[in-house]
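Taking it in order: structure first as structure tokens, then the write-up.
Each reported figure results from applying straightforward, stated rules to the coordinates on display, with no laboratory input. A quick note: this is a predicted structure, and the numbers were derived from the prediction, not measured. Because the Cβ atoms are built from the backbone with ideal geometry, glycine has one as well, and the counts that use them run over all protein chains shown.
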Number of protein chains: 2
Amino acid sequence: MKKINTSPLSGMQELLPPAQATFNKYKRKIEEVYAKHGFLNIETPTIDRTEILLAKAGGETEKQIYKVVKTEETADDADQALRFDHTVPLARYVVEHESELAFPFKVTQIGRNFRGERAQKGRFREFYQCDVDVIGRGSLPISYDAEVIATLYEALQSFVKAKIKIRISNRKLILGILEGLGIAEKSAEICAVIDHSEKVPKEKTEAGFRELGLSDDAVQKLMQLLEIHGPAEIAIPALAFLRATAVDTNENFVAGVTELEKVMIELSALGLDEAAEIDFRIIRGLDYYTGTVFEASLPEFPKVGSIGGGGRYENLTGFFSDAKFPGVGASIGLSRLFYILNTNGLAHEDQEAPVDVAIIPVSENENLPAFELAKKLRKSGKKVDVVLTEKRLGDRLSYAAKIAKGGIVVGETEAATGQFRLKNFETGEETEL
Amino acid sequence: MKKINTSPLSGMQELLPPAQATFNKYKRKIEEVYAKHGFLNIETPTIDRTEILLAKAGGETEKQIYKVVKTEETADDADQALRFDHTVPLARYVVEHESELAFPFKVTQIGRNFRGERAQKGRFREFYQCDVDVIGRGSLPISYDAEVIATLYEALQSFVKAKIKIRISNRKLILGILEGLGIAEKSAEICAVIDHSEKVPKEKTEAGFRELGLSDDAVQKLMQLLEIHGPAEIAIPALAFLRATAVDTNENFVAGVTELEKVMIELSALGLDEAAEIDFRIIRGLDYYTGTVFEASLPEFPKVGSIGGGGRYENLTGFFSDAKFPGVGASIGLSRLFYILNTNGLAHEDQEAPVDVAIIPVSENENLPAFELAKKLRKSGKKVDVVLTEKRLGDRLSYAAKIAKGGIVVGETEAATGQFRLKNFETGEETEL
């Protein structure tokens, strides 16, 4: 009988051991790919100064951040809160440790972040984010954009058993178009409509543009832009409809096209020719990214939406330092992605027994030979459990079959002879050890 | 120029990438040993109900717990705080998911916990704990105690480059002695003196007992008890001085001796004959453990004190449920241990370059062949960085030498011929690829 409500708080992802094992496997694969691409891992504290976390305040963040109450013995400290992403603590870290880091700083952070937002299916208040970032000091070559995109793609591909597409755009290119069309002063509102355009019928997007008071010509050109997607060879020439307009000579537009082309060519060299395509509907939020933006999705599961993304930002540390640190980064929201894969039947096949061999002594007299056998098998790399409960042998066997791939019963004879038989719980097969 | 204080909050362990890599390596080794011993990993939420976390309130905990302020959108939730150990959330987890778990539940939890205590060297307010526990339903055989101790020992041994000793006692045995001597009503105070006895001169311990008003005979017997340490063959017969006293027939004493002997014999079978010894000074806190207690230490570094420990408890879930779940567990405080190993020069040799190969294109023209080469090397399992900065070639080379074990320069010739030379940055040796 429970004496108290023991459910986890709303919005928390609490997994049973088999699901946790799958989750850990995915996390490990992401870590491995990030390491293979030369990213160095760091961990920032979960608790940080509110002044740091809310330096760039406003919007949702301020409403969703969890503040932490100081204790009697920490009362002299600054005001504190839980980090809501990896980016702000990274900015603090880069400024704090600048002299001890080698730039470009290729960094990965994998850990839990916290947002106290309204509970929603598949959205968690405590969630894992798996980030990579390349931070330059002063400047950072555009080629790192391709490298970060390839890293994101390979990380996802290492455990997602479905086709993955990476769709790429460039915020400079978009800004250039808006400048060329003379509507840049409404760029935030226009980008918001573009950002939303995949989730609504075309007419609604068009109406959205019109509500902003754009001319027929501008609306038509934007609608045409949103139709363009595909490989660089198709998408870049498709921008021809902007020829002979003011857009065509706009500095941002020209720079954006050049960057986008370069990123696509380099992605080809990195093996993403089929996975990567240009899509001008990709915006990735409103006020952070300044160049390349990208988003990963599952074309066979369109309802799922984004499963990761990122982009280029002009300056990571503007709020903390006068020095300039441009960067490019990508992030996988693993808690949400894990939930999505499970609900779409894409994670199930990974669930296997966590223990290789369960050793079952017939009676307490065989505990010692069982322990010695366990020691040997562990040395050879096996995951081994010795089943020691006081239950009947039958109960011990069914417990063993639940947790392990195979089992060895150690009775008097086995203990005396040192001859053991391993039973495969799946096939029923027995083999001499 | 910094605009703001970017140091982490006091009491936080923030590592640079090479130290973080070493830390991660140790954590990984602990995870591997825990898995090899058949423990299943779970993760409980960092934030939990205050009602749960403080169910067994009082003492230090209540003063040190970090409460979390609910946000606008989570305002309807229960009062919340950050977990201060793994044990309380585990108790909640076991009661909540009882019907979905197989018992004995061998479980490991590795993650960050939080205690807002006074800042001290080597003590952190946010710290990693690496726990194993075996939880029985109703009962749990004593043999699991040996299994948990062996797991702790092997986990520590996998990365600590110094001799490790595990000292073991039994709280039933101690309680039996106190009962036999007729001083059990002061057991909490007496155990506190014993717990402290290693840190002070003998006279002080003796004085401590006398201050409690114990008889000369009782003080003498306790002082004798604290002198006993060594393997079971020596330590158990050394208890002979208690013969022909009321202790000798005390139920708890007899049970404690039997348990302790059994644990020592099984530890031998598990390979700990040299590492494990009995030591009656081991208490491990006051009101939690009820049988076996143990503590790991580094005999060559006596000042370091405990580097891990644990014990047997009668009931994990008493505050949450009427059902009984006895258990035995061990914990490594990795943040503190990492700090200790570093300050004692026991971690240094692990710090190696995190990247296997840095590929350095001579100019931007060689980016594509460099990316293609990176793709191949990564496929073969190597950790590869492509150095793309706009700096001079010399700067790129010295950056490469900082982050990688070896480097490959890709110039026009290499790009054209596909012939690459790998330079080992440590030895200066070059090899054809």
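A few comments on the model shown:
- Cβ-vector label at 7 Å, residue B:301, separations to other copies in nm: 4.6
- Backbone N under 18 Å from the residue B:324 label point (7 Å along Cα→Cβ), restricted to segment B:70-111: B:95, B:103-105
- Centroid-to-centroid, using Cα positions, segment B:124-166 and segment A:393-433 are 26 Å apart.
- Whole-number Å³ per residue for the convex hull built on Cα positions in segment B:243-289: 115
- What the phi angles of segment B:97-110 give under the Karplus curve with 6.51, -1.76 and 1.60, with θ = phi - 60°, is a coupling list of 10, 2, 5, 9, 10, 9, 9, x, 8, 8, 10, 10, 10, 10 Hz, glycine and proline written as x.
- Hz values of 3J(HN,Hα) by residue in segment B:236-244 - Karplus curve (6.51, -1.76, 1.60), Gly and Pro given as x: 5, x, 5, 6, 4, 5, 8, 4, 6
- Where Cα atoms sit under 13 Å apart: lysine pairs in segment A:353-432 separated by 8 or more or lying on different chains: 4
- Near residue A:315, the amide H atoms lying under 5 Å from its own belong to A:327; only residues 5 or more places off or on other chains count, and H is placed 1.01 Å from N.
- The mean sequence separation of alpha-carbon pairs under 8 Å and at least six residues apart, normalised by the residue count of chain A, gives a relative contact order of 17 percent.
- Calculated from backbone phi, Karplus (6.51, -1.76, 1.60) coupling profile of segment A:182-196 in Hz, x at Gly/Pro: x, 10, 5, 5, 9, 4, 4, 5, 5, 4, 4, 5, 4, 3, 8
- Ascending list, in nanometres, of distances separating the residue B:5 label from those of the other copies (7 Å, Cα toward Cβ): 3.8
- In a simple Cβ point-charge model (Lys, Arg +1; Asp, Glu -1; nothing else charged), segment B:17-348 has a dipole of about 1140 debye relative to its Cα centre.
- Over the residues of chain A, the helix contribution to mean residue ellipticity at 222 nm works out to -11000 deg cm²/dmol, using -39500 (n - 2.57) for each DSSP H run of at least 4.
- Shape call, the protein assembly as shown: gyration tensor on alpha carbons, a/c limit 1.5: prolate
- In terms of its C-alpha gyration tensor, segment A:353-432 comes out rounded, because the ratio a/c of the largest to the smallest axis stays below 1.5.
- Those lysines that a straight Cα-Cα span of less than 24 Å connects to residue B:2, excepting residues fewer than 8 apart in one chain: A:56, A:106, A:324
- Pairs from A:25/B:29; B:161/B:303; A:221/A:262 whose Cα-Cα separation, in the structure shown, is over 18 Å: A:221/A:262
- Annotation: amide H-H contacts under 5 Å for residue B:163 (H modelled 1.01 Å from N, sequence separation of 5 or more, or interchain): B:300.
- Relative contact order computed over segment B:156-296 (Cα-Cα under 8 Å; 6+ residues apart), in percent: 49
- Cα gyration tensor of chain A - equivalent ellipsoid semi-axes, whole Å, descending: 51, 26, 21
- Once backbone amide H atoms are built at 1.01 Å from N, residue A:385 has A:357, A:358, A:359 as its partners under 5 Å, excluding neighbours fewer than 5 places away on the same chain.
- Distance between segment B:55-108 and segment A:307-336 - C-alpha centres, whole angstrom: 33
- Rounded, prolate or oblate (a/c below 1.5 giving rounded, otherwise prolate when a/b exceeds b/c) for segment B:277-412 by Cα gyration tensor: prolate
- Other copies of residue B:392: label-to-label distances in nm, shortest first, labels 7 Å along the beta-carbon direction: 8.3
- By the beta-carbon count within 10 Å of each Cβ, the least crowded to most crowded order of B:114, A:127, fewest first, is A:127, B:114.
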